[in-house]
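Report on one structure; see the data block that follows.
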Amino acid sequence: MKTVIANWKMNPLSLNEALNLVKKYKIYKNLDIWIAPPYLYLIPLITKFRKIKFGSQNIYFQDKGPYTGEISPKMIKKIGGKFVIINHSERRKIGENFKIANQKIISVINSNLTAIVCLGEDKIIKNIKILKSEWQKQIKILFKNINLNNKSIILAYEPTWAISTYKQGSVSPEIVSEFIKFIKNLGFNNKIVYGGSVFIDNIKIYLDLPLDGFLIGSQSLKPKNFNKICDLIDKSI
Ligand code: PGA
């Protein structure tokens with residue numbers, strides 16, 4: 001079963017738009033559609049759409065207490081959320097780091113939610129040795145005291161530079177393939193998804209890779225495009 005994760009980021013502006021967006025998503029037999037809306041739409045969406053898995057785009061690592069403005073994994077679990085995205089590069093851009101992400105992964109796993117852990121280089125690195133040492137460095141901090149094969153972990157290879165906002169294109173399938181080999185060599189046996197500028201036009205280049213799915217940002221806000229991308233993934237299974 002492949003998984004397509006829709007990362008809505010800070011969109012849309014109203015609950016009505018959020019409800020309409022989900023209504024337009026197609027449901028697939030062999031494709032899991034997971035949606036990460038802004039926190040405040042989670043309860044109404046979870047209540048209304050039973051066949052789709054919802055989760056959050058971020059989390060705090062404590063269960064409860066004096067942490068103004070934060071939400072805990074336990075809260076997400078209690079309302080029926082299934083997963084949490086951790087270490088997204090847009091979180092890192094506003095001050096988070098890999099050490100904080102490590103604590104978040106631990107607390108998400110302990111709450112019996114799936115942790116979708118983003119990682120990847122900030123800038124384009126052409127030298128494969130340097131690239132691998134960057135991946136290695138990130139993994140070491142992210143998964144300190146965590147078993148890489150904990151079944152609650154999904155890795156999202158999503159280099160910062162490849163996010164559509166920066167208009168620098170997506171990662172070549174050769175590099176994604178290197179990443180998969182690299183991570184499997186470390187003994188990682190869980191799901192790996194790719195994210196970064198996934199569009200209708202380029203999804204095909206990734207469909208032969210041993211990926212378990214995709215993390216999709218901008219195109220998840222355009223239901224026609226999103227469905228088309230999902231159709232192509234579905235056909236490739
Ligand atoms: P993008 O975003 O698909 O717009 O590149 C992906 C993400 O940020 O998760």
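When we screen I139, I233, I163 for residues that are over 18 Å from L31 (Cα atoms) and within 16 Å of the ligand (Cβ to nearest atom), the only hit is I163. Is there a residue in the range 77-89 that is open to solvent by 30 Å² or more (accessible area, probe 1.4 Å), away from the ligand (no atom under 16 Å from the Cβ) and either β-branched (V, I, T) or modelled with pLDDT under 95 (or both)? Yes: the range 77-89 contains one or more residues that are open to solvent by 30 Å² or more (accessible area, probe 1.4 Å), away from the ligand (no atom under 16 Å from the Cβ) and either β-branched (V, I, T) or modelled with pLDDT under 95 (or both). Kindly indicate whether D201 is of a type in the set (D, E, K, R) and farther than 24 Å from V22 by Cα. No: the conditions fail for D201.
Yes or no: V171 open to solvent by less than 20 Å² (accessible area, probe 1.4 Å) and touching a helix residue (DSSP H, G or I) at 6+ places or on another chain (Cβ under 6 Å)? So V171 passes the test. Mind checking whether some residue in the range 39-56 is within 16 Å of the ligand (Cβ to nearest atom), surrounded by 19 or more Cβ atoms within 10 Å (Cβ to Cβ) and among the β-branched types (V, I, T)? No: the range 39-56 contains no residue that is within 16 Å of the ligand (Cβ to nearest atom), surrounded by 19 or more Cβ atoms within 10 Å (Cβ to Cβ) and among the β-branched types (V, I, T). Taken over the range 124-164, the criterion of being free of Cβ contacts under 8 Å to residues at least 12 places away in the same chain and surrounded by 14 or more Cβ atoms within 10 Å (Cβ to Cβ) is satisfied by I125 alone.
Of the set (1) more than 10 Å from the ligand (Cβ to nearest atom); (2) under 30 Å from N112 (Cβ atoms), all apply to L215 but (1). Looking only at residues in the range 60-76 that are touching a residue at least 40 places away in the same chain (Cβ under 8 Å) and more than 26 Å from W135 (Cα to Cα), the one that is least open to solvent (accessible area, probe 1.4 Å) is P73.
Among the residues of the range 209-227, just one is within 15 Å of the chain's Cα centre (by Cα), open to solvent by 20 Å² or more (accessible area, probe 1.4 Å) and either more than 17 Å from S164 (Cβ to Cβ) or of a type in the set (V, I, T) (or both), namely D212.
The values are calculated or read from the model by the stated rules, or taken from the named source; none is laboratory data. Only a predicted model underlies this, so the values are computations on that prediction, with no experimental measurement involved. In this analysis, Cβ positions are derived from the backbone assuming ideal geometry, glycine residues included, and neighbour counts consider all displayed protein chains. Please note that ligands, DNA and RNA were not included when accessible areas were found on the heavy atoms of the full protein model with its side chains. Shrake-Rupley method; radii C 1.70, N 1.55, O 1.52, S 1.80 Å.
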